[in-house]
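Structure record follows, encoded as structure tokens.
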Amino acid sequence: MTNKNDVNRKVTLKESRKNETRLENSVLYYSKQLTVSELSAILKIPVSKILTFLFMNKKILNLNSTLDDDTLMLICLNFNIDLKKEVAKDALGAFDLEKDQPKDLLPRPPVVTVMGHVDHGKTSLIDAIRKSRLTSKEVGGISQKIGAYQISYKDSLLTIIDTPGHEAFTAMRGRGAAVTDIVVLVVAADDGVMPQTVEAISHAKAANAKIIVAINKIDKPGKDLDKIKQQLMKYEIIPEEYGGENIFVEISAKQGMNIDLLLESIVLLSDTMELKANPNRYANGVILEAVLDKGEGAKATFLVQNGTLKTNDYLVAGSVFGKVRRMTDENGRVVFEAKPSTPVSVIGLSDVPQAGDQFISLSNEKQARDIANQRQQEKNRLEMNKNSISTFDDLINPKEGLENLNLIIKADSSGSAEALKGAISSIKHDKVKINFIHVGTGNVTNSDLILAATSKSVIYAYYLRPDSVIRAKAKEMKVEVRVEDIVYRITEEIESIVKGLRPKEYIQNITGVAEVRKLFKIKGLNIPVAGSHVLEGVIKRDQKVNVIRDGVVIQKNKRIASLKHLTEDIKEAR
């Protein structure tokens, strides 16, 4: 017999021909790139015939070569076939999820993430919230196993996500996971706005999350609350008392001061957001974290965003499928269902998914397996072609008109960063809007690369030199990092981009990198000698060098007066 609840939870999965590459009435419909061999099979034209035609048109390819849109059109025209590109749908493949009706939507708990600068009290605040809201019998069972938990405040449930950092927060969003409704930004009263505070603001805004400011450590001497509010206003975080929309709460996490006031503010803000979901349907949501457990196999923390996840449901998460064999909450207790905004640890997956992968529960295993296989094939295809696109070339020559130019500015000092932002802001264009996703100081970090990748931004590093690890990572992630020491070159380049022109290229070739290991003093010399180890390339005598400390250029275009190996004069060091 069919369970009544299962009938209520059912979601119609409509068969769709979108995303299916096919030939109908001499029209080729496609939504993804094809290889020569795939095109041959669909058109029923021998591979040799296609390759010969391409060779005659000065295109030397093989049967595994991927065809771009222009080449595909050229082939189809030659063989009297029309071409129509369809908009690719989500990797759920050939299915459309039925949309929820307004009458089926019910209120759901808000999902809250705590962010801020290191040592400003994020962990202390999370601990204070947990201890103040959990019953005495639950306190002993507190576990950090699933990185998320629910608390109750005045008959309202709140879901708190304990994220490992801004990078993970943005990496999840980059894979399509709009996880957080509200960000609690923790700022220390005795320290003020710091680089990671600014970074957290940029990440929260990029995720379109509401921001509540928790000014922590108000019990400490040296606090200046007005100064902190003035600092935050520079980043468009404006207190309600000044006519803004951001709630500010003064707390002491260590002393437990005003924790209830902060929770009440979260509840009030979530009420105005009118957060809703449909619990009477098959579940979908996002993976918060995943591990391979020696005893239990693939194990993942699921955040249910819509529907209800139940034990024995089949599901697909990213390119992984499985069956919910067991669910546990943050205290390790077995649960049999998880409603919207509920985090649970799930066992029963075929492999370990990625944090940020989206999941959906389905009615049968075959459906889940087929969708997972299709996603894996698409993932493999993207891996094969990941170097086929140049981010900057796409920016200069967009396939569609450029409407937004997203920028991340990193500079050697806050004064330089603000001056560069001001110079760029003066550039005006009728059709292209320049957006500053993040403006900060210090060298380019992995967090900057992730933010740039997810927001499709170009990074400008002013008077900085990213190290080889960051340069390699940027190339792998297809993030454009433009290194420059002259403001007008940056503004000229951006002016050219918004006008649709190719900017001038200023190329600086790095021939070698060395690290100073020790300074020596030599009699008769007033300056120290730098004992160095060559890390990359070649260092030559009489060559000009930049001296870099913590990624910041502190000396520029200085000539090497002499080069020695032990006591021997040498012309170069490798």
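The values are calculated or read from the model by the stated rules, or taken from the named source; none is laboratory data. Because the structure is a prediction, the values reported are computed rather than measured. As a convention, Cβ positions derive from the backbone with ideal geometry for all residues, glycine included, and neighbour counts pool all protein chains shown. Calculation scope for accessible area: heavy atoms of the full protein, side chains included, ligands and nucleic acids excluded. Shrake-Rupley method; radii C 1.70, N 1.55, O 1.52, S 1.80 Å.
Just a few scattered comments:
- Only residues that are open to solvent by 90 Å² or more (accessible area, probe 1.4 Å) and not basic (Lys, Arg) were counted in segment 526-556, giving 4.
- Leu519 outside any helix (DSSP H, G or I), under 30 Å from Leu402 (Cβ atoms), open to solvent by 70 Å² or more (accessible area, probe 1.4 Å) and out of contact with any Ser or Thr (no Cβ under 8 Å at 6 or more places or on another chain): no
- Candidates Leu449, Leu405, Leu464, Leu420: the one that is without any contact (Cβ under 8 Å) to a residue 40 or more places away in the chain and surrounded by 19 or more Cβ atoms within 10 Å (Cβ to Cβ) is Leu449.
- Of all residues in segment 246-283, those being basic (Lys, Arg) and in a loop (DSSP other than H, G, I, E, B) number 2.
- Each residue in segment 250-265 was checked for being among the polar types (S, T, N, Q) and open to solvent by 20 Å² or more (accessible area, probe 1.4 Å), and 2 of them qualify.
- None of Lys59, Lys32 is among the basic types (Lys, Arg), within 40 Å of the chain's Cα centre (by Cα), farther than 20 Å from Gln374 by Cα and modelled with pLDDT under 85 except Lys59.
- There is no residue in segment 39-56 that is modelled with pLDDT of 85 or more and within 30 Å of the chain's Cα centre (by Cα).
- Residue that is farthest from Gln358 (Cα to Cα), among those in segment 307-322 that are surrounded by fewer than 23 Cβ atoms within 10 Å (Cβ to Cβ) and in contact (Cβ under 8 Å) with a residue 24 or more places away in the chain: Thr311
- When the test is whether a residue is open to solvent by 50 Å² or more (accessible area, probe 1.4 Å) and farther than 20 Å from Lys366 by Cβ, Glu289 passes it.
- Wholly within segment 406-503, strands (runs of 3 or more DSSP E) carrying at least 3 residues that are of a type in the set (A, V, I, L, M) and in contact with a helix residue (DSSP H, G or I) (Cβ under 8 Å, 6 or more places away or on another chain): 433-441
- Test: residue in segment 327-336 that is closer than 21 Å to Arg369 by Cα and in contact (Cβ under 8 Å) with a residue 12 or more places away in the chain: yes
- Segment 451-506, residues that are of a type in the set (Lys, Arg), modelled with pLDDT under 85 and under 27 Å from Asn208 (Cα atoms): Lys456, Lys478
- Test for Asp351: is it surrounded by fewer than 21 Cβ atoms within 10 Å (Cβ to Cβ) and more than 25 Å from the chain's Cα centre (by Cα): no
- Members of segment 99-123 that are under 30 Å from the mean Cα position of the chain (by Cα), surrounded by fewer than 19 Cβ atoms within 10 Å (Cβ to Cβ) and modelled with pLDDT under 90: Lys99, Asp100, Val118, Asp119, Thr123
- Sub-8 Å Cβ pairs linking a first residue in segment 148-159 that is within 19 Å of Glu289 (Cα to Cα) and touching a residue at least 40 places away in the same chain (Cβ under 8 Å) to a second residue that is part of a loop (DSSP other than H, G, I, E, B) and open to solvent by less than 10 Å² (accessible area, probe 1.4 Å), at least 6 apart or interchain, are Gln150/Ser341; Thr159/Pro110; Thr159/Ser341, ordered by first then second residue.
- Residue that is surrounded by the fewest Cβ atoms within 10 Å (Cβ to Cβ) [pool: residues in segment 477-504 that are under 17 Å from Asn404 (Cβ atoms) and of a type in the set (Val, Ile, Thr)]: Val498
- Members of segment 284-322 that are of a type in the set (D, E, K, R) and in contact with a Ser or Thr (Cβ under 9 Å, 6 or more places away or on another chain): Glu289, Lys299, Lys310, Asp313
- Residues of segment 199-249 that turn out to be under 18 Å from Leu262 (Cα atoms), free of Cβ contacts under 8 Å to residues at least 40 places away in the same chain and open to solvent by 70 Å² or more (accessible area, probe 1.4 Å), as a count: 4
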